[in-house]
């Protein structure tokens, strides 16, 4: 049996040891960065333990649906939702997103995802981990087409990707009618190259894309002032 100790944040705690997608920097930065002003309906694709949904529940008054293909992760996310102070606004669906999109019958103001993005060369021996982290079952084009189906006309789609994959994703999104309106280029430490990119897409092309350069650690390994400012409302000790 895996360690069942919860991960504690300032306004909620959650279990994540059973999930294929645990609490991590990618989700924390995406969930704390995306603009949720005026958002009423949110969809979280590939929720894992539910961390993105919980971050957005803390920051908004929106109703949030979360979809997770892995059964064990979906069970853990559901448990985390039920024990949170926002349980009446959070729903978890154990399903693949293609099937979910066929029956849900609603549109969302914001769709957010920390999606599968690795190729077969990075596969592990864990079938569950591969399902959550690789593009075999949810390639970029399929994801964008599903977002197009579920997103309200004036809605936004937010995603975190490795830098190289983000370039391919942007091109495929543009081919399907979605355009970057804001981006956060994430650098793991001063003097290093960008390794993650947070992106927000809209059907409406913007002449002025909002670009933020975000550095996580100083040269000595300590967290930057940017990091503290971004996550001070969430992590204990900040």
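Where a number appears in this text, it was derived from the coordinates with a stated rule and is not lab data. From a predicted model like this one, the values you see are computed outputs, not experimental measurements. Neighbour counts run over all protein chains shown; Cβ positions are idealised from the backbone, glycine included.
For this structure, a couple of remarks:
- Here the Gaussian network model covers the chain, with springs between Cα atoms less than 10 Å apart; of 222, 47, 20, 222 fluctuates the most.
- Counted over the range 7-231, the DSSP beta bridges are approximately 40% antiparallel.
- The range 45-120: relative contact order as a whole-number percent, Cα under 8 Å and 6+ apart: 37 percent
- Choice from 180, 39, 160 showing the highest fluctuation, given a GNM over the chain with Cα pairs closer than 10 Å: 39
- Our summary gives the chain a relative contact order of 17 percent, counting only alpha carbon pairs under 8 angstrom and 6 or more residues apart.
- Average Cα contact separation per residue, the range 167-229, under 8 Å, 6 or more apart, as relative contact order %: 32 percent
- Förster radius 30 Å - calculated FRET efficiency between residue 171 and residue 4 (Cβ-Cβ, nearest 0.05): 0.10
- Exposure proxy order (Cβ contacts within 10 Å, fewest to most) of 217, 156: 217, 156
- The range 77-108 and the range 205-238: distance between their alpha carbon centers, rounded to Å: 29 Å
- If the chain linking residue 207 and residue 153 were pulled fully straight, counting 0.36 nm for each residue of separation and taking away their Cα-Cα distance, it would gain 17.5 nm.
- Extension gain, residue 226 to residue 98, is 42.4 nm, computed as 0.36 nm per intervening residue step minus the present C-alpha separation.
- Which of 10, 82 has the fewest Cβ neighbours within 10 Å, and the rest in rising order: 82, 10
- Distance (nanometres) between label positions extended 7 Å along Cα→Cβ at residue 194 and residue 87: 4.2 nm
- Residue exposure sequence - 16, 107, 94, 8 - by fewest surrounding Cβ within 10 Å: 8, 107, 94, 16
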